[in-house]
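Worksheet: the structure to be examined is printed underneath.
The values are calculated or read from the model by the stated rules, or taken from the named source; none is laboratory data. In this text, all values refer to a predicted model and were calculated from it rather than measured experimentally. Here the Cβ positions follow ideal geometry from the backbone for every residue, glycine too, while neighbour counts run over all protein chains shown. Accessible surface is based on the protein model in full, side chains and every heavy atom, while ligands, DNA and RNA are left aside. Shrake-Rupley method; radii C 1.70, N 1.55, O 1.52, S 1.80 Å.
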Amino acid sequence: MSDRNPGMKLDLEWISKVRVNTQAVLKRAQHIQGQKIPKKQWQAAWLLKAVTCIDLTTLAGDDTPSNVHRLCLKAIQPVRYDLLKKMDMHNKGVTTAAVCVYPSRVADAFNSLKAANSSLPVASVATGFPAGQTPLETRLQEVRMAVAGGAAEIDVVINRTLALTGQWEAMYDEIRQFRETCGDAHMKTILAIGELGTFTNVYKASLLAMMAGSDFIKTSTGKETVNATYPVAIVMVRAIRDYYLFTGHKVGFKPAGGIRTAQEALVWLTLIKEELGNDWLCPVLFRLGASSLLADIERQIYHHVTSQYPAYHELPMA
């Protein structure tokens, strides 16, 4: 992954001056959704690119060692070998970007990947996911546990109360503590955009999370009523671009929650290419948080190779 974002001192003046033009954002989002999507072999190539950017995720109350193990095997071989062979991609190392689980399942995922001789990183949600409303020490302890279990990436969630009440310094201090507790692990900061109220708050929270040293900013936990949307993504990636122009440091972007179809994955890749450029079109700077997306992408690749759609039992489950 990218060199750790060292962060910067909290620039409250920059944050207080932020205003977002809602109409312009909505118009831009509409334009990106209206873009022509690549077809045939070009579409297949873009879909394989999307696969390599997926954080394959299970965050369910009934997670067990066995379904985490199955998820890890799917992450290592996300598309059926015979399909990749027909596309001459079987020896190109196509895997997902990471496996994402709860802190208590990190060791299961880490051990499964290690047993399979895979260097895929384990990502873990932490800090009172999804609400972020537990005491600070409890949230920090969760990060420590996840790192101790073998997590190389930590998806932390901000305390939305601090954002909604304008307590930016307190929020910055919390995220700095998360950053320090992560140690060598990379930190993705979840903004839970569906609970921030306005585009301006989303932009401010994005800037602040980057100033505090986040390696990625992420839209949602996937548990809110509103998750990853294109207008919010534009606000966040514009913040990433502004931060890069100001500091020279590239921060990654991760939409998550409700991304289920191959078609949507292609729109997300288009958005990143248009707004941030080709440098961001790689797992180091772009991730898709998803649990069911991979199944639809594999289905579309099957169709590309065979010209017909598979029955559900013909593709291994994620």
Output for the stretch 1-139 (equivalent-ellipsoid semi-axes, sqrt of 5λ from the C-alpha gyration tensor, Å, descending) is 32, 28, 15
Mind checking the dipole of the chain: about its Cα centre, +1 per Lys or Arg Cβ, -1 per Asp or Glu Cβ, Debye to the nearest 20?
880 debye
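How do Ser124, Ser307, Ser119 rank by accessible surface area computed with a 1.4 Å probe, from largest to smallest? Could the numbers behind the result be given before it?
On the way: Ser124 0, Ser307 90, Ser119 115 Å².
Correct descending sequence by accessible area is Ser119, Ser307, Ser124.
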Any chance you could look up the accessible area of Lys39 with a 1.4 Å probe, heavy atoms only, rounded to 10 Å²?
130 Å²
I'd like the orientation of helix 230-247 relative to the chain: the angle between its Cα long axis and the longest Cα principal axis, in ° from 0 to 90, rounded to 10.
60 degrees
Taking the alpha-carbon centroid of each part, what is the distance from the stretch 279-302 to the stretch 123-137 in angstrom?
25 Å
Stretchable slack from Arg260 to Ser16, in nm (0.36 nm times residue separation minus alpha-carbon distance):
84.2 nm
What is the log10 of I(q)/I(0) for the chain, computed with the Debye formula using one identical point scatterer on each Cα and no solvent, at q = 0.13 Å⁻¹?
-0.91
To check my understanding: the extent here is largest minus smallest coordinate of the Cα atoms along each principal axis. What are those three numbers for the stretch 87-207, in Å, largest first?
51, 35, 20
Among all the lysines, which ones have a C-alpha under 28 Å from Lys114's C-alpha, if same-chain residues fewer than 8 places away are not counted?
Lys49, Lys74, Lys85, Lys92, Lys188, Lys218, Lys254
Using the alpha carbons of the stretch 8-80, what is the convex hull volume per residue in cubic angstrom, as a whole number?
231 Å³
Taking +1 at the Cβ of each Lys and Arg and -1 at the Cβ of each Asp and Glu, which of Ala163, Gln43, Ile193 sits farthest along the dipole of the chain towards its positive end, judged by Cα position relative to the Cα centre?
Gln43
Cα gyration tensor of the stretch 135-202 diagonalised, 5x eigenvalues square-rooted, in angstrom largest first, produces semi-axes 23, 12, 9
For the stretch 184-318, report the convex hull volume of the alpha-carbon atoms normalised per residue, in Å³, without decimals.
126 Å³
Given a cut-off of under 8 Å on Cα pairs at least six residues apart, what relative contact order in percent is computed for the stretch 1-158?
18 percent
Rounded to 0.05, the calculated FRET efficiency for the beta carbons of Gln35 and Lys114 at R₀ = 35 Å is 0.25
Enter the accessible area of Ile259 (Å², nearest 10), with the probe set to 1.4 Å and all protein chains included.
10 Å²
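Mind checking the per residue accessible area of the stretch 80-206 for me, 1.4 Å probe, whole number of Å²? Intermediate values should be presented prior to the final figure.
On the way: 5130 Å² over 127 residues.
The answer is 40 Å² per residue.
Evaluated at 20 °C with a viscosity of 1.002 mPa s, what Stokes-Einstein diffusion coefficient in µm²/s does the stretch 68-116 have when Rh comes from the Kirkwood expression over alpha-carbon pairs?
Calculated translational D: 185 µm²/s.
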Measuring from centroid to centroid over Cα atoms, what is the spacing of the stretch 25-56 and the stretch 176-198 in Å?
26 Å
